[in-house]
Amino acid sequence: MPQSFDCADPDARAAGLAAAGAAVGAGQLVVLPTDTVYGIGADAFTPSAVEALLAAKGRGRDMPVPVLIGTMRTLDGIAARLSDAARELADAFWPGGLTIVCHQQPSLAWDLGDSAQTVAIRMPLHPVALDLLKATGPMAVSSANRTGYPAATTVAQAREQLGDSVEVYLDGGPTDDNVPSTIVDVTGSRPRILRAGHISVDDIRSVVADVELATGTGA
C-alpha cells in the first residue's frame, strides 16, 4: 500500500521526506507537490524507475521526462554548452515556472526517453519539492496524471489516477497554480519558446529580448 504524508504537519513532513527519499533511492515512484501542479517522480539515473514512471502515466518514450533540480549548481552537472541567455533565464526565473531545454552532458548514464541528447530542466518553487530534490539529487518528474487526463492539483487527484503505482505521496495541499511551466529551448543560436505558460512571453523578453516563438504557442 502506498504511504501518504501530510506535509502541513512538521513531523509528518519530515517522515514523508525521509520515506520519499528512500523510495527514490530504491527505484520507486513518488508524488510530490510543485509550484505548478503535482508531479510523479523517480531517480533520473535509474532507467527502470523512469520506465515505471512512463508506464504509470501511460506515456511513450517519444515524450522524454523532464528533470527537476534542487540547487542551481546542479545545472552545470547535467547541462552542456549553456549560452549566456540560458543562464540569464535561469537566474531570473529559478526557482519557478520555467523549464529550459538544454544539451545534456554526454557522460550522463541515464535514459529519460527518446531525447536526442537534450534534457528539459526546471527548479520548482516549492519547499517540499526543493527539500526532496536536495536530498535525492536530480529527479525525472512529470505531471502526476494519466496521459490525456487533467493534471493533478491535489494529492487526492494524483492518487485517484496513479494509485498503487506510487510508493509515497507527499501532500502539500492544493497547488496555487494549475498553469504549466513555460518551456524555452536554449539549444540553438536563439532561445525558442516552445510552450507559453507560467512565465509570460513578455517576462521572458524582459530578460532576453531576442527570442523565437514556436508555432502554436499562442503568443
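The values are calculated or read from the model by the stated rules, or taken from the named source; none is laboratory data. These numbers were taken from a predicted model, which means no experiment stands behind them. Positions of Cβ are backbone-derived with ideal geometry, glycine not excepted, and every protein chain shown enters the neighbour counts. Heavy atoms of the whole protein, side chains included, go into the accessibility calculation; ligands, DNA and RNA do not. Shrake-Rupley method; radii C 1.70, N 1.55, O 1.52, S 1.80 Å.
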Those residues that are in contact (Cβ under 8 Å) with a residue 40 or more places away in the chain and part of a helix (DSSP H, G or I), I need them from the range 78-116; list them, please.
78, 85, 86, 88, 89, 92, 93
Scanning the range 166-219 for residues that are assigned to a loop (DSSP other than H, G, I, E, B) and of a type in the set (D, E, K, R), the one most open to solvent (accessible area, probe 1.4 Å) turns out to be 176
Quick one: which residue in 79, 90 is in contact with a strand residue (DSSP E or B) (Cβ under 6 Å, 6 or more places away or on another chain) and open to solvent by less than 10 Å² (accessible area, probe 1.4 Å)?
79
So in the range 139-157, with the set limited to residues that are touching a residue at least 24 places away in the same chain (Cβ under 8 Å) and assigned to a helix (DSSP H, G or I), which one is nearest to residue 46 (Cα to Cα)?
155
Residue pairs, Cβ under 8 Å, 6 or more apart or interchain, first in the range 198-219 and at negative phi, second at pLDDT below 85 and of a type in the set (Asp, Glu). List them.
198/177
Filter result (among the charged types (D, E, K, R) and out of contact with any Gly (no Cβ under 9 Å at 6 or more places or on another chain)) within the range 107-164:
111, 159, 160, 164
Hey, could you check the range 160-183 for residues that are out of contact with any helix residue (DSSP H, G or I) (no Cβ under 6 Å at 6 or more places or on another chain) and of a type in the set (A, V, I, L, M, F, W, C) and say which is farthest from residue 101 (Cα to Cα)?
166
Mind telling me which of the residues 217, 187 ends up being among the polar types (S, T, N, Q), modelled with pLDDT under 90, more than 17 Å from the chain's Cα centre (by Cα) and under 20 Å from residue 89 (Cβ atoms)?
217
Could you please let me know if residue 37 is hydrophobic (A, V, I, L, M, F, W, C), assigned to a loop (DSSP other than H, G, I, E, B) and buried (at least 24 other Cβ atoms within 10 Å of the Cβ)?
no
